[in-house]
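> Take this structure first; my questions come after.
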Amino acid sequence: MPDSTTNSALNNALAALTSSLVQYTGECGPWTAGDDDTELAALDLFRRRQQLQIARLVELLGDRDATIEFGRFPTKYTDLHFVSLENLYPRLIANQEVILETLKKAATACRGDEQAEGLIADAAAEEQRTLEELGTLAAD
């Protein structure tokens, strides 16, 4: 039976994902030079992958009749409307690193809860993949 510590850790992971800069990019309209939409398509893919992890966490917390606590975008994100992707990349990468640290802490708190451990491990793998792909995009 999951305990409040596990559910709290799941909510911390959920809040980190729902308030991520990747999610905010859907709101802030980043732009790229030229007609190549590849980078914007990549950001959309990152957002959708993250939304899948969010949905899985919400479902598990709901199945457990736990309180579901979504995160809020930090106020500092409001300064990022219509900025270039080149300007966003370092911030996206830094935010992904924070998310991965949050997921690492959640994994520790969820030890012994197979279902929660699996979900957090999947989310961490996806976020690591996003971090690596952001690094590649930033280097181009």
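> Quick one: is G29 touching a residue at least 40 places away in the same chain (Cβ under 8 Å) and under 17 Å from L103 (Cβ atoms)?
Taking the combined requirement at face value, the residue does not satisfy it.
> Under 8 Å between Cβ atoms, which residue pairs at least 6 apart in sequence (or on different chains) link something in the stretch 53-75 that is touching a residue at least 24 places away in the same chain (Cβ under 8 Å) with a partner that is of a type outside the set (K, R) and open to solvent by 80 Å² or more (accessible area, probe 1.4 Å)?
So the pair list comes out as L60/Q115; L61/T67; F73/E27.
> Among the residues of the stretch 104-119, is any exposed (fewer than 12 other Cβ atoms within 10 Å of the Cβ) and of a type in the set (V, I, T)?
yes
> Let me ask something additional. Check N7, N12, N95 and return the single one that is polar (S, T, N, Q), part of a helix (DSSP H, G or I) and closer than 17 Å to T130 by Cα.
Numbers: N7 fails: closer than 17 Å to T130 by Cα; N12 fails: closer than 17 Å to T130 by Cα.
The conditions single out N95.
> Within the group L43, L10, L14, which residue is at pLDDT below 95 and surrounded by 17 or more Cβ atoms within 10 Å (Cβ to Cβ)?
Numbers: L10 fails: at pLDDT below 95; L14 fails: at pLDDT below 95.
Exactly one of L43, L10, L14 is at pLDDT below 95 and surrounded by 17 or more Cβ atoms within 10 Å (Cβ to Cβ), namely L43.
Quick grid of which residues meet (1) more than 17 Å from the chain's Cα centre (by Cα); (2) closer than 27 Å to D140 by Cα:
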site: G29; (1), (2): yes, yes
site: D37; (1), (2): yes, yes
site: I54; (1), (2): no, no
site: R64; (1), (2): yes, no
site: T67; (1), (2): yes, no
site: T78; (1), (2): yes, yes
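The values are calculated or read from the model by the stated rules, or taken from the named source; none is laboratory data. Model, not experiment: these values are computed from the prediction. Reconstructed Cβ throughout: ideal geometry from the backbone, glycine too, with neighbour counts over all protein chains shown. Quick note on the areas: whole protein, heavy atoms, side chains included, nothing else; ligands and nucleic acids left out. Shrake-Rupley method; radii C 1.70, N 1.55, O 1.52, S 1.80 Å.
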